[in-house]
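Below you'll find the structure, written out as structure tokens, and then a few comments.
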Amino acid sequence: MVMKISLKTQTIVVKSTFFFLILSFSIYASNLVNKSIVCSTSKFKIKGGFIFKSDRTIERHNILYDENTAKRYIKSTSHCYMLINDEYAIYEKDIDQGCGLPNSYIDSKTLEYTMPLENHLLSASCSIYNGDLIKKINDNLNN
């Protein structure tokens with residue numbers, strides 16, 4: 001009988017600790033909710049940006065190049081994110097698709113964006129942007 005109570009107590013403690021950890025990630029991750037960041041690289045004044053839609057969802061907007069048409073276009077995707085050790089981990093997919101695994105990161109202090117690839121590391125310098133991010137990216141689409 002004592003063992004059953006002890007096991008239930010341990011289970012409750014573990015669940016409470018897990019809930020507290022998730023709650024603390026959400027609290028810290030929410031400081032950019034409803035804010036945008038715009039990103040640039042050494043080659044592009046504006047390469048794209050991010051909109052923090054909620055404490056778990058982020059939109060990524062990238063300027064890409066289509067070799068077939070020789071034109072630049074904007075690719076917009078939605079992703080899960082979470083603050084882990086001073087980095088916003090951006091997951092492969094959105095919440096509806098189960099998030100997946102983290103595949104890129106934004107440093108919470110410097111706002112440097114990195115995406116590790118097999119043979120190199122993509123990076124961009126980002127900063128808080130208070131205007132209409134989509135308009136800003138569109139205005140710089142062909143620069």
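Out of all the residues in segment 28-35, is one or more over 13 Å from the mean Cα position of the chain (by Cα), over 26 Å from Ser76 (Cβ atoms), modelled with pLDDT under 90 and part of a helix (DSSP H, G or I)?
no
May I ask you to list the residues in segment 37-53 that are out of contact with any Lys or Arg (no Cβ under 9 Å at 6 or more places or on another chain) and surrounded by 14 or more Cβ atoms within 10 Å (Cβ to Cβ)? Step through it out loud before you land on a result.
Residues of segment 37-53 that are out of contact with any Lys or Arg (no Cβ under 9 Å at 6 or more places or on another chain), as a first pass: 37, 42-45, 47, 53.
Scanning segment 37-53 gives Ile37, Phe44, Lys47, Lys53.
Would you mind finding the one in Thr57, Thr110, Thr69, Thr114 that is surrounded by 13 or more Cβ atoms within 10 Å (Cβ to Cβ) and more than 17 Å from Val33 (Cβ to Cβ)? Full working, then the answer.
Values: Thr57 fails: more than 17 Å from Val33 (Cβ to Cβ); Thr110 fails: surrounded by 13 or more Cβ atoms within 10 Å (Cβ to Cβ); Thr69 fails: surrounded by 13 or more Cβ atoms within 10 Å (Cβ to Cβ).
So the residue among Thr57, Thr110, Thr69, Thr114 that is surrounded by 13 or more Cβ atoms within 10 Å (Cβ to Cβ) and more than 17 Å from Val33 (Cβ to Cβ) is Thr114.
Only one of these is part of a strand (DSSP E or B), out of contact with any Asp or Glu (no Cβ under 8 Å at 6 or more places or on another chain) and either farther than 21 Å from Leu141 by Cα or of a type in the set (Asp, Glu) (or both): Ser104, Ser127. Name it. Give the derivation first.
Details: Ser127 fails: either farther than 21 Å from Leu141 by Cα or of a type in the set (Asp, Glu) (or both).
Of Ser104, Ser127, the one residue that is part of a strand (DSSP E or B), out of contact with any Asp or Glu (no Cβ under 8 Å at 6 or more places or on another chain) and either farther than 21 Å from Leu141 by Cα or of a type in the set (Asp, Glu) (or both) is Ser104.
Listed residues Phe20, Phe50; which is at pLDDT below 95 and among the hydrophobic types (A, V, I, L, M, F, W, C)? Lay out the reasoning, then the answer.
Values: Phe50 fails: at pLDDT below 95.
Step by step, each of Phe20, Phe50 is checked, and only Phe20 is at pLDDT below 95 and among the hydrophobic types (A, V, I, L, M, F, W, C).
Do we have Ile51 as among the aliphatic types (A, V, I, L, M) and out of contact with any Cys (no Cβ under 8 Å at 6 or more places or on another chain) here? Quick ask: steps written out before the conclusion?
Numbers: among the aliphatic types (A, V, I, L, M): yes; out of contact with any Cys (no Cβ under 8 Å at 6 or more places or on another chain): yes.
Spelling it out, Ile51 is indeed among the aliphatic types (A, V, I, L, M) and out of contact with any Cys (no Cβ under 8 Å at 6 or more places or on another chain).
The values are calculated or read from the model by the stated rules, or taken from the named source; none is laboratory data. Given the structure is predicted, the values throughout are model-derived calculations rather than measurements. Here Cβ is always computed from backbone atoms with ideal geometry, including for glycine, and neighbour counts include all displayed protein chains.
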